[in-house]
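Undergrad: This is the structure I have questions about; it appears just below.
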Amino acid sequence: MSVETTGEKALTTHSYETYLQLEAESGLKHEFHDGFIVAMAGGSGNHSQLGTNVGRFLGNALDKAGKNCNVFNSDLKVRIAATNRVYYPDASVVCEPPVFSEKDKNALTNPSLIVEVLSDSTEAFDRGDKFFHYRQIPSLQEYVLINQNEIRVETFYRHEGNLWEINSVEGLEAELSLKSLGVVITLSDLYRMVEIGE
C-alpha cells in the first residue's frame, strides 16, 4: 500500500480505515490528523530515557500510593474522536477501566493524564495544536511536558469550568506533583541517566 505520509503538505486526505490499513501493513507508527497520515520520527537518547523513566517512576509512585491505574508507554495511541486525531503520547495514564475506540481497538480514548517529552522539532506543536486537541478529551485532567534539554517540567491541570492551571518545576532537587493522580515524582528520578547539556 502506498500512501503519502507527509503532514500539512499532503494533497489528498485519507479515511481512518486507510490509516489503520497502512499501520497494519507497514508495522510503523503514524499519527492521524483528520485525514492526513503523518509518519512518526525517531527520538533522541534523552527522549527515550525520559519516556522510560516517567513510565517507571510514575508506575512506582502509583503502586506506593495504592492507586489502581494503568501506565502506558509510547506504543499505545490515543484517539480524540471530537477532532478526528490520533497521537502516540510518550506516556498516558488511566485510573478507570481503559476504554478503546470502537473504530480502533489499539487507541485509548479515556486517559486522565498525558505526558509528552519535548523535542526541538515538536515543542511548538506539543504546546499548541496537539494540546488543543488533547483538551477535547473529556477524561483528561492533566497534561505534562518534559524538557529534554534542561531539567524543567510543566504541568497543565484542568479545574472545573475547563480552566487550566499551569505549574513549572526545575532542578534536580524539585518534586513533580501530579494533582490528577495524587502522587509525587522527584526530578532527580525523572532525569536519571539523562545527559543534559551534551
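Undergrad: Among the residues of region 133-142, which ones are part of a helix (DSSP H, G or I) and surrounded by fewer than 16 Cβ atoms within 10 Å (Cβ to Cβ)?
TA: none
Undergrad: List pairs: first residue in region 121-137 and within 13 Å of ARG85 (Cβ to Cβ), second residue assigned to a helix (DSSP H, G or I) and small (Gly, Ala, Ser) anywhere in the structure, Cβ distance under 8 angstrom, at least six positions apart or on different chains.
TA: Correct list of pairs: GLN136/ALA82; ILE137/ALA82.
Undergrad: Tell me the residue from VAL169, VAL115 that is surrounded by fewer than 22 Cβ atoms within 10 Å (Cβ to Cβ) and either under 26 Å from SER48 (Cβ atoms) or within 13 Å of the chain's Cα centre (by Cα) (or both), please.
TA: Among VAL169, VAL115, only VAL169 is surrounded by fewer than 22 Cβ atoms within 10 Å (Cβ to Cβ) and either under 26 Å from SER48 (Cβ atoms) or within 13 Å of the chain's Cα centre (by Cα) (or both).
Undergrad: Related question: Can you name the number of the only condition in (1) within 15 Å of ASN46 (Cβ to Cβ); (2) without any contact (Cβ under 8 Å) to a residue 24 or more places away in the chain that LEU190 fails?
TA: Status for LEU190: all satisfied but (2).
Undergrad: Going by what's in this entry, would LEU145 be described as touching a helix residue (DSSP H, G or I) at 6+ places or on another chain (Cβ under 8 Å), part of a loop (DSSP other than H, G, I, E, B) and surrounded by 15 or more Cβ atoms within 10 Å (Cβ to Cβ)? Spell out how you get there, then give the answer.
TA: On the way: touching a helix residue (DSSP H, G or I) at 6+ places or on another chain (Cβ under 8 Å): yes; part of a loop (DSSP other than H, G, I, E, B): no; surrounded by 15 or more Cβ atoms within 10 Å (Cβ to Cβ): yes.
It is false that LEU145 is touching a helix residue (DSSP H, G or I) at 6+ places or on another chain (Cβ under 8 Å), part of a loop (DSSP other than H, G, I, E, B) and surrounded by 15 or more Cβ atoms within 10 Å (Cβ to Cβ).
Undergrad: List the number of the failed condition for HIS47; all other conditions in (1) surrounded by 15 or more Cβ atoms within 10 Å (Cβ to Cβ); (2) in contact with a helix residue (DSSP H, G or I) (Cβ under 9 Å, 6 or more places away or on another chain) hold.
TA: (2)
Undergrad: Name the residues in region 120-132 that are outside any helix (DSSP H, G or I), of a type outside the set (D, E, K, R) and either more than 13 Å from the chain's Cα centre (by Cα) or at pLDDT 95 or above (or both), would you?
TA: Once the filter is applied, which keeps residues that are outside any helix (DSSP H, G or I), of a type outside the set (D, E, K, R) and either more than 13 Å from the chain's Cα centre (by Cα) or at pLDDT 95 or above (or both), region 120-132 yields SER121, GLY128.
Undergrad: Is it the case that ALA65 is modelled with pLDDT of 90 or more and either crowded, with 18+ Cβ neighbours inside 10 Å or in contact with a Cys (Cβ under 7 Å, 6 or more places away or on another chain) (or both)? Talk me through it step by step, then tell me what you get.
TA: On the way: modelled with pLDDT of 90 or more: yes; either crowded, with 18+ Cβ neighbours inside 10 Å or in contact with a Cys (Cβ under 7 Å, 6 or more places away or on another chain) (or both): no.
No.
Undergrad: Do we have any residue at all in region 29-39 that's surrounded by fewer than 18 Cβ atoms within 10 Å (Cβ to Cβ), under 17 Å from the mean Cα position of the chain (by Cα) and among the aromatic types (Phe, Trp, Tyr)?
TA: Checked against the condition, which is being surrounded by fewer than 18 Cβ atoms within 10 Å (Cβ to Cβ), under 17 Å from the mean Cα position of the chain (by Cα) and among the aromatic types (Phe, Trp, Tyr), region 29-39 yields no hits at all.
Undergrad: Within region 180-198, count every residue that is within 21 Å of ASP126 (Cα to Cα), within 17 Å of the chain's Cα centre (by Cα) and not hydroxyl-bearing (Ser, Thr, Tyr).
TA: 1
Undergrad: Still on this structure: I need the full set of residues from region 49-73 which are in contact (Cβ under 8 Å) with a residue 40 or more places away in the chain and in a loop (DSSP other than H, G, I, E, B), in order please.
TA: ALA65, LYS67, CYS69
The values are calculated or read from the model by the stated rules, or taken from the named source; none is laboratory data. Bear in mind the structure is a predicted one, so any value in this text is a computation, not a measurement. Using ideal geometry, Cβ is built from the backbone for each residue, glycine included, and neighbour counts are taken over all protein chains shown.
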